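This report concerns only the one structure given below.
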Amino acid sequence: LQGSGIKYAPGDALGIIAQNPPKLVDDLISALHLSGDEKVKTNTEEQQFREALLNHFEITLLTRDVLRKYAERTDSKEVKAILEDEAKLDEYFYGHDVLDLLHEFPYQFTASEFLELLRPLPPRLYSISSSQDAVDDEVHITVSRVRYQTKDRERFGACSSFLADRLQIEDEVLIYINKNPNFRLPQNGKPIIMVGAGTGIAPYRAFLQH
């Protein structure tokens, strides 16, 4: 965090604005029979389709809204059937991404039409696992890298693979602090028991370090 002036406290979370896996982006462009050089409009500017997919749109996860838009645009009876059955929907969400939709229910989209299906790429929030009193101009996070194989294709988490596989030393990352004033050590020095139900070990590493 050197020179940034960013301050945080144990219990806060770190928001990271990541990039999508480049191979997934290239495979999507190939499945769409596009070049990636097509000009598209995003919320910020006009740019190339490949850059928009890399930086601005969620492609590693599926949502009900994406499936609904896909069904409406393609008039696919199969996708509509998935949407109408909660059990099938839950099953389809697990281990599927936007590329699976294109492979299993092909449709020829333009670059702009395809982006209309997708939601913006949301920041990923990680519990901070360090105390700034101890590490000064650093911030630590504890990340489980998402990487698995299904349907003969290796899958990667957007942010975890960005952090673990593609960042180099001295690279800069877009981040912000998500404050959590309700998740703090007691001020009176009372003994505490720390239970990581749903939070994992990360914030308690920060509390112990503090």
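Scanning for something of a type outside the set (A, V, I, L, M) and in contact (Cβ under 8 Å) with a residue 12 or more places away in the chain, does the stretch 80-88 turn up at least one residue?
So far as the stretch 80-88 goes, no, none of its residues is of a type outside the set (A, V, I, L, M) and in contact (Cβ under 8 Å) with a residue 12 or more places away in the chain.
Given the criterion more than 16 Å from E113 (Cβ to Cβ) and among the aliphatic types (A, V, I, L, M), identify the matching residue among L32, L54.
Only one candidate passes the filter, namely L54.
Would you check if there is a residue in the stretch 103-124 being among the polar types (S, T, N, Q) and loosely packed, with under 13 Cβ neighbours inside 10 Å?
yes
Can you tell me which of I6, I17 is in contact with a Pro (Cβ under 6 Å, 6 or more places away or on another chain), surrounded by fewer than 17 Cβ atoms within 10 Å (Cβ to Cβ) and within 30 Å of M194 (Cβ to Cβ)? Steps first, please.
Numbers: I6 fails: in contact with a Pro (Cβ under 6 Å, 6 or more places away or on another chain).
None of the others qualify; the one that does is I17.
R166 - would you say it is over 18 Å from the mean Cα position of the chain (by Cα) and surrounded by 11 or more Cβ atoms within 10 Å (Cβ to Cβ)?
no
Based on what the data block shows, is T110 at pLDDT below 95 and either within 30 Å of L167 (Cβ to Cβ) or not basic (K, R) (or both)? Quick ask: steps written out before the conclusion?
On the way: at pLDDT below 95: no; either within 30 Å of L167 (Cβ to Cβ) or not basic (K, R) (or both): yes.
Spelling it out, it is not the case that T110 is at pLDDT below 95 and either within 30 Å of L167 (Cβ to Cβ) or not basic (K, R) (or both).
Could you figure out which of (1) under 17 Å from the mean Cα position of the chain (by Cα); (2) buried (at least 19 other Cβ atoms within 10 Å of the Cβ); (3) closer than 30 Å to L1 by Cβ; (4) in contact (Cβ under 8 Å) with a residue 60 or more places away in the chain isn't true of S129?
For S129, the exception is condition (1).
Considering only residues that are of a type in the set (D, E) and free of Cβ contacts under 8 Å to residues at least 60 places away in the same chain, look in the stretch 51-69 and name the one that is farthest from I29 (Cα to Cα).
My answer is D65.
Would you tally the residues in the stretch 1-31 being basic (K, R) and at pLDDT below 95?
1
Name the helices (runs of 4 or more DSSP H) wholly inside the stretch 95-210 in which the number of residues that are small (G, A, S) is 1 or more. Lay out the reasoning, then the answer.
Values: elements: 98-104, 111-117, 132-135, 158-161, 202-209.
Passing ranges, in order: 111-117, 132-135, 158-161, 202-209.
Tell me which residues, restricted to the stretch 7-63, are under 15 Å from P123 (Cβ atoms), within 18 Å of the chain's Cα centre (by Cα) and acidic (D, E).
E58
Go through the stretch 52-68 and give me each residue that's touching an Asp or Glu at 6+ places or on another chain (Cβ under 7 Å) and open to solvent by 30 Å² or more (accessible area, probe 1.4 Å).
Restricting attention to the stretch 52-68, the residues satisfying the condition of being touching an Asp or Glu at 6+ places or on another chain (Cβ under 7 Å) are 59-62.
Result: L61, single match.
Which of the residues belonging to the stretch 171-207 are under 23 Å from Q2 (Cα atoms) and touching a strand residue (DSSP E or B) at 6+ places or on another chain (Cβ under 8 Å)?
V173, L174, I175, Y176, I177, N178, N180, A202, P203, A206
Going by what's in this entry, would L83 be described as surrounded by 15 or more Cβ atoms within 10 Å (Cβ to Cβ) and touching an Asp or Glu at 6+ places or on another chain (Cβ under 9 Å)? Steps first, answer last, please.
Numbers: surrounded by 15 or more Cβ atoms within 10 Å (Cβ to Cβ): yes; touching an Asp or Glu at 6+ places or on another chain (Cβ under 9 Å): no.
Spelling it out, it is not the case that L83 is surrounded by 15 or more Cβ atoms within 10 Å (Cβ to Cβ) and touching an Asp or Glu at 6+ places or on another chain (Cβ under 9 Å).
Among the candidates G11, G95, which residue alone is in contact with a Lys or Arg (Cβ under 6 Å, 6 or more places away or on another chain) and either surrounded by 15 or more Cβ atoms within 10 Å (Cβ to Cβ) or farther than 30 Å from A134 by Cα (or both)?
Just a single option satisfies the conditions, and that option is G11.
The values are calculated or read from the model by the stated rules, or taken from the named source; none is laboratory data. A quick note: this is a predicted structure, and the numbers were derived from the prediction, not measured. Reconstructed Cβ throughout: ideal geometry from the backbone, glycine too, with neighbour counts over all protein chains shown. Accessible surface areas use protein heavy atoms only, side chains included; no ligands, DNA or RNA. Shrake-Rupley method; radii C 1.70, N 1.55, O 1.52, S 1.80 Å.
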